[in-house]
Amino acid sequence: MRDVHARLAAWMTRLGMSVRVDAAGNLRGVHPAAPSTVRRLLIGSHLDTVARAGAFDGVLGVVLGIALVQLLGRRQHPFSIEVVGFSDEEGVRFGVPFIGSRALAGTIDRDLLERRDTSGRSVAEAIRDYGLDPDAISEARVADAIGYLELHIEQGPVLERLNAALGIVTAIAGQTRAQVTFTGMAGHAGTTPMRGRRDALAGAAEWIGAVERDAQGVTGLVATIAHVEVEPGAGNVIARRCRATIDIRHADDGVRADAARRMAATAKEIASRRGLDIEWEPRLDQGTVAMDPALTAMLERAVVRSGTPLHRVASGAGHDAMIMAARMPAAMLFLRSPGGISHHPDESVMEEDVAAALAAGLNFLDELAGTLS
Ligand code: GLV
Ligand code: MN
Ligand code: MN
């Protein structure tokens, strides 16, 4: 993160932007740099990524924001632009996503700052470790912005199937995340009979299969258990504890909430039948968020004016835009993802699509200027 901050900050500074890192570790560059009373458009995405990730999820949108400032050159607009590189969108380390954008939206609370990673370090301690002050986090908040624009790879196959370079995001699907812990009893793998074992991992495994079958039976529902930790984790000891993450998504909040209830009930039933204890700790309950109609209409006009065919898509992936949308109008532009591949090293983007996104982005800034002047 320090390396990417140094590289992007150097680029922003060369463009005459004023650059800082806020207390949540978000990189923020403002153009023009001179203190000004003019209102601000935010353009951003995230700089963190998942384990063994691709090179574009998140960071592309930050780079494109800076590139737009560069392309603007000396052209004057009746607003300033703040490019934001969010610090933690994926939630990999603390199990809670959107920490960076929640700081801008002003929705970070004590609970979140106290949340711990697997080594026991809290969010507040991690912020201090980075040389920042978690007590100053409220200063990261943005009070009065015109809106928020995010450019991002689609991370799915829809645009490629349409043979389309760009997509206008209509809404971002809601997510439930939780940590689920099965606790049983450790024992000797060689001497403990199969009957009467309280094997936490076997219970979790039964539940994982049930969750997959459940989601397969509901149109549009996705449920993913992708991280399990087993204790004591030795080949000849029955598992005493199994901690698993679950991530449940659907465009309809009601369907998602029902699914979460069912999957929790299934975990409870399996645990009780197997003599295990079960704990379901909520990590996120984020509703589906629609993008702002007026800002999105400007983005649509910008895409059409740039000569790229207009396509509207819903986002199954989460984005900082869904957090920013609670505070200000938000709009999103997707770039096609070759093969629909993301959260994978083969993730990519096509140069001509990047050019199309920049052309549309410049037109968007003109559209916005037209509405403000
Ligand atoms: C972000 O990549 C997400 O989990 O949707
Ligand atoms: Mn991601
Ligand atoms: Mn992303």
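Filter region 135-163 for residues that are away from ligand 2 (no atom under 16 Å from the Cβ) and in contact with a strand residue (DSSP E or B) (Cβ under 9 Å, 6 or more places away or on another chain) and give the result. Within region 135-163, A140, V142, D144, A145, I146, G147, Y148, L149, V158, L159, L162 meet the criteria. When restricted to residues that are not in a helix (DSSP H, G or I) and not aromatic (F, W, Y), region 100-141 contains 16. Residues in region 37-55 that are surrounded by fewer than 18 Cβ atoms within 10 Å (Cβ to Cβ), touching a strand residue (DSSP E or B) at 6+ places or on another chain (Cβ under 6 Å) and of a type outside the set (D, E, K, R): V38 alone. Say we look at region 334-373 and pick out the residues that are surrounded by 21 or more Cβ atoms within 10 Å (Cβ to Cβ) and touching a His at 6+ places or on another chain (Cβ under 8 Å); which of these is farthest from L162 (Cα to Cα)? The qualifying residue farthest from L162 (Cα to Cα) is L368. Answer yes if at least one residue in region 89-99 is assigned by TED's automatic domain parsing to the domain that holds A10, part of a helix (DSSP H, G or I), touching a residue at least 24 places away in the same chain (Cβ under 8 Å) and surrounded by 17 or more Cβ atoms within 10 Å (Cβ to Cβ), and no otherwise. Yes: region 89-99 contains one or more residues that are assigned by TED's automatic domain parsing to the domain that holds A10, part of a helix (DSSP H, G or I), touching a residue at least 24 places away in the same chain (Cβ under 8 Å) and surrounded by 17 or more Cβ atoms within 10 Å (Cβ to Cβ).
Applying the criterion of at least 2 residues that are surrounded by fewer than 15 Cβ atoms within 10 Å (Cβ to Cβ) to the strands (runs of 3 or more DSSP E) found wholly in region 231-323 leaves 277-286. Of the listed requirements (1) surrounded by fewer than 20 Cβ atoms within 10 Å (Cβ to Cβ); (2) of a type in the set (D, E); (3) not assigned by TED's automatic domain parsing to the domain that holds I43, E160 misses just one: (3).
Kindly establish whether G58 is out of contact with any strand residue (DSSP E or B) (no Cβ under 6 Å at 6 or more places or on another chain), small (G, A, S), within 15 Å of ligand 2 (Cβ to nearest atom) and not assigned by TED's automatic domain parsing to the domain that holds I248. No; evaluated as a whole, the condition is false for this residue.
Results for (1) within 16 Å of ligand 3 (Cβ to nearest atom); (2) at pLDDT 95 or above; (3) of a type in the set (A, V, I, L, M), shown as yes or no for each residue.
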| site | (1), (2), (3) |
| --- | --- |
| L159 | yes, yes, yes |
| L166 | no, yes, yes |
| A173 | yes, yes, yes |
| P193 | no, yes, no |
| G217 | no, yes, no |
| G233 | no, yes, no |
| T245 | no, yes, no |
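State yes or no: is A260 under 16 Å from G58 (Cα atoms) and at pLDDT 95 or above? Criteria not met by A260.
The values are calculated or read from the model by the stated rules, or taken from the named source; none is laboratory data. All values reported here derive from a predicted model rather than from experimental measurement. Positions of Cβ are generated from backbone atoms using ideal geometry, with glycine treated the same way; all protein chains shown enter the neighbour counts.
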